[in-house]
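Contents: one structure, followed by commentary.
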Amino acid sequence: MKSKGEFIVILTLLLGILAGCGGGNSTANSGNSQSGTAVDPATTGTETAAANAGGKTTVQFWHSLGGKNGEYMDALIQRFNESHNDIEVVGTYQGGYDETVTKLQQAVASNTAPDVSMLERAYVLMFADSDVLEDLTPFMEKSGLSADDFTSGLMGHSYFNDKLVSLPLNRSTPILHINKSMLDELGLAVPTTWDELKTVANALVVKEGKEVKRYGLSMPYDTWYPIAMISQSGGKFFNDEKTSPGFIDNGIGKEVFSYLKDLQSTGALYYPPAQDSGNIVNSMFVEGKIGMMFQSTGSIGGLSSSVDFDYVTAFLPKNDVYANPTGGANVALMAGSSNKEAAWEFIRWMETDPQGGLQFILQSGYLPFTKKMVESPEIQDLWAKEPNRKVAYDQLQYAIDTNNDVAWPEVMHEFFSTIEAVMYDSQDIQAALDAFNKETERILAE
């Protein structure tokens with residue numbers, strides 16, 4: 001277990017590395033963690049004093065949602081404050097996921113951390129390893145709640161050393177987005193396997209000479225999609241001992257990247273530039289330049305309102321099995337909070353009250369994270385009207401996060417380098433994977 005000092009040094013170095021890699025899964029997987037005006041944590045003290053002067057317990061809540069999703073979160077906080085006379089939640093947008101992590105590690109070091117924070121799920125275990133997240137188990141028991149109340153496919157990043165250190169909030173998963181009109185014109189069925197996906201993707205290609213005018217498939221530059229394909233081939237990102245990658249020695253990594261490179265070589269796969277890749281592939285899909293894409297559930301709302309063709313979603317095609325990772329962020333109670341009971345009341349309300357998370361999910365399009373939420377008339381009506389959204393929830397039965405480890409954020413940087421070497425620079429696949437294997441084993445041994 002890392003000390004606070006070691007945690008700060010390691011995290012500072014890590015975030016510098018991630019900032020230099022140009023991509024990262026922090027926003028691509030977020031279901032639109034949008035831009036907005038970040039607030040310096042040093043400015044929140046005045047608000048706290050004012051709230052306390054009114055006789056209320058103030059709960060500081062940091063989040064990473066700007067734009068429309070930020071407005072939905074602000075509305076949630078307002079509803080909480082209006083329904084609680086003795087607690088005032090001050091919500092502060094701290095920038096995107098990585099920015100929030102940077103500010104949070106600085107605040108932990110200076111003992112100025114908020115009471116509650118949103119954490120991109122890949123960072124949860126890293127913070128938990130440094131004893132800065134509160135175990136929620138006693139609070140859950142006191143409130144008559146259990147892990148069984150939550151959507152099981154979204155709980156993979158909630159535990160650390162048998163402690164419940166976070167709960168799902170704005171969560172997403174990758175699915176297959178399809179221009180059904182394009183497939184219908186060619187008499188093609190929605191693919192359910194890799195073999196079918198390759199056939200359909202190649203059939204959709206339109207070329208003028210050597211120039212590809214229409215691609216069959218695309219996906220953002222991200223670790224999410226290769227990880228999904230590794231799991232679909234029966235592999236694991238880390239081996240069971242967490243000492244080495246679990247998809248290289250068995251040949252699964254080579255199979256995944258060979259499949260992608262084969263599609264890329266025929267024009268069936270468009271692999272976008274790293275910068276702004278999500279928006280690029282979304283725009284090309286809307287414009288009919290791509291027939292299918294692997295993309296987050298967080299894109300459904302925007303695509304539905306933009307396309308002029310029959311748009312449907314489907315499970316990610318299987319190789320040996322159906323499998324998909326999850327993304328987005330959880331919410332955690334900080335161990336250093338001096339207002340834990342009030343902070344927990346906010347988390348409990350947000351997670352379980354119909355006026356809390358349910359309204360936020362309906363507005364934002366993120367996945368429902370409790371079983372009662374799934375069974376609610378509001379969600380059932382939404383799915384009846386927009387079946388594309390239900391596909392994402394149904395696919396959660398195959399959710400698996402095999403990159404779930406304290407070391408993942410650092411290993412993620414190395415995996416991005418491997419993706420770049422293969423997909424952009426066309427380096428030898430096995431050589432690139434061997435280099436990744438060596439570096440990952442070094443990181444895991446530290």
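The values are calculated or read from the model by the stated rules, or taken from the named source; none is laboratory data. This one's a predicted model, so the numbers in the text were calculated from it and none came from an experiment. Neighbour counts are summed over all protein chains in view; Cβ atoms, including those assigned to glycine, are modelled from backbone coordinates with ideal geometry.
At a glance:
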quantity: Single condition Ile178 does not satisfy, out of (1) under 24 Å from Gln232 (Cβ atoms); (2) assigned to a loop (DSSP other than H, G, I, E, B); (3) in contact (Cβ under 8 Å) with a residue 12 or more places away in the chain; calculated: (2)
quantity: Top-ranked residue in the stretch 260-297 [being under 23 Å from Ile230 (Cβ atoms), hydroxyl-bearing (Ser, Thr, Tyr) and assigned to a helix (DSSP H, G or I); ranked as modelled with the lowest pLDDT]; calculated: Thr297
quantity: Among residues of the stretch 130-150, those that are under 20 Å from the mean Cα position of the chain (by Cα) and more than 16 Å from Ile347 (Cβ to Cβ), counted; calculated: 0
quantity: Meets criteria (buried (at least 19 other Cβ atoms within 10 Å of the Cβ) and not assigned by TED's automatic domain parsing to the domain that holds Thr352) for Ser233; calculated: yes
quantity: Any hit, the stretch 254-273, residues being over 21 Å from Ser417 (Cα atoms) and either buried (at least 17 other Cβ atoms within 10 Å of the Cβ) or assigned by TED's automatic domain parsing to the domain that holds Val124 (or both); calculated: yes
quantity: In the stretch 54-92, residue farthest from Asn330 (Cα to Cα) [restricted to those that are in contact (Cβ under 8 Å) with a residue 24 or more places away in the chain and among the polar types (S, T, N, Q)]; calculated: Asn85
quantity: Scope the stretch 324-371; condition without any contact (Cβ under 8 Å) to a residue 60 or more places away in the chain and in contact with a Leu (Cβ under 7 Å, 6 or more places away or on another chain); matching residues; calculated: Leu362
quantity: Residue under evaluation Ala399, criteria (1) among the small types (Gly, Ala, Ser); (2) surrounded by fewer than 17 Cβ atoms within 10 Å (Cβ to Cβ); (3) under 17 Å from the mean Cα position of the chain (by Cα), criterion not met; calculated: (2)
quantity: Sole residue being at pLDDT 95 or above and either in a helix (DSSP H, G or I) or in contact with a strand residue (DSSP E or B) (Cβ under 9 Å, 6 or more places away or on another chain) (or both), chosen from Glu410, Glu420; calculated: Glu420
quantity: Candidates Val312, Val331, Val286 - the one that is over 21 Å from the mean Cα position of the chain (by Cα), of a type in the set (Val, Ile, Thr) and either in the same structural domain as Met155 (by TED's automatic domain parsing) or surrounded by fewer than 17 Cβ atoms within 10 Å (Cβ to Cβ) (or both); calculated: Val312
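Quick grid of which residues meet (1) in contact with a Leu (Cβ under 9 Å, 6 or more places away or on another chain); (2) touching a residue at least 40 places away in the same chain (Cβ under 8 Å):
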residue: Pro138; (1), (2): no, no
residue: Gly144; (1), (2): no, no
residue: Gly156; (1), (2): no, yes
residue: Leu167; (1), (2): yes, yes
residue: Pro174; (1), (2): yes, yes
residue: Leu188; (1), (2): yes, no
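Rundown of residues vs (1) over 27 Å from Tyr259 (Cβ atoms); (2) of a type in the set (A, V, I, L, M, F, W, C); (3) under 18 Å from the mean Cα position of the chain (by Cα), yes/no style:
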residue: Gly302; (1), (2), (3): yes, no, yes
residue: Ser305; (1), (2), (3): yes, no, no
residue: Asp320; (1), (2), (3): no, no, no
residue: Gly327; (1), (2), (3): no, no, yes
residue: Ala335; (1), (2), (3): yes, yes, no
